[in-house]
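The values are calculated or read from the model by the stated rules, or taken from the named source; none is laboratory data. From a predicted model like this one, the values you see are computed outputs, not experimental measurements. For the accessible areas, the whole protein counts, side chains as well, though only heavy atoms, and no ligand, DNA or RNA atoms are used. Shrake-Rupley method; radii C 1.70, N 1.55, O 1.52, S 1.80 Å.
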Amino acid sequence: YKVLDIVSDKGTETISLKISEFLLVKSADNYVELFYSEGTEIKKKLMRSTLKNIESALTPYPNFVRCHRMYIVNINNIEHIKKNSNNYWIIFNGLTEQIPISRQYLFLFKSMI
């Protein structure tokens, strides 16, 4: 299995995650929340970084896709996609939060899955 090292903005923090366990990254102002699975549990880690920096670090991995201005998801771990009228959401197993897919990223996202 491949391991991904994510480093904080100032290089003071590093988290190593198996790509297969990495679910998504959520922007939170000057921080990002990293969601990952550990066995059957979903964990999250807050780290000082921007989504743009994380997106750059994830460039070599085509299974990480931006689906919204606040989210990057690992398409390999998506349980299913929910749709109603004009909106799409990503559902991850074990995660109560539904991740939106914005219209801006919808076409790109559909071409990836």
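Couplings 3J(HN,Hα) for segment 45-53, derived from phi with the Karplus relation 6.51 cos²θ - 1.76 cosθ + 1.60 (θ = phi - 60°), are 10, 8, 9, 7, 5, 10, 4, 4, 5 Hz, where x marks Gly and Pro.
Calculated accessible area for segment 54-99 comes out at 55 Å² per residue, all protein chains present (probe 1.4 Å; ligands, DNA, RNA ignored). Relative contact order of the chain: 19 percent, from C-alpha pairs under 8 Å at least 6 residues apart in sequence. Computed from Cα positions, the angle between helix 103-112 and the longest principal axis of the chain comes to roughly 80 degrees. Hull volume per residue, based on the alpha-carbon atoms of segment 1-101 and their convex hull, is 99 Å³. Could you tell me which of rounded, prolate or oblate describes segment 34-73, using a ≥ b ≥ c as the square roots of the eigenvalues of the alpha-carbon gyration tensor, with rounded for a/c under 1.5 and, failing that, prolate when a/b is larger than b/c and oblate otherwise? Note, shape of segment 34-73 comes out prolate. Full extension of the chain segment joining LYS110 with SER56 gains 17.3 nm, where the gain is 0.36 nm per residue of separation less the Cα-Cα distance.
Of the cross-linked pairs LYS18/LYS45; LYS44/LYS82; LYS10/LYS52; LYS10/LYS45, which ones have a Cα-Cα span greater than 19 Å in the structure shown? LYS44/LYS82, as the Cα separations exceed 19 Å there. Ligands, DNA and RNA left out, the accessible area of segment 1-92 computed with a 1.4 Å probe is 45% carbon and sulfur. Backbone geometry of segment 16-23 corresponds, through the Karplus equation with coefficients 6.51, -1.76 and 1.60 at θ = phi - 60°, to 3J(HN,Hα) couplings of 10, 10, 5, 4, 5, 9, 7, 9 Hz, x marking Gly and Pro.
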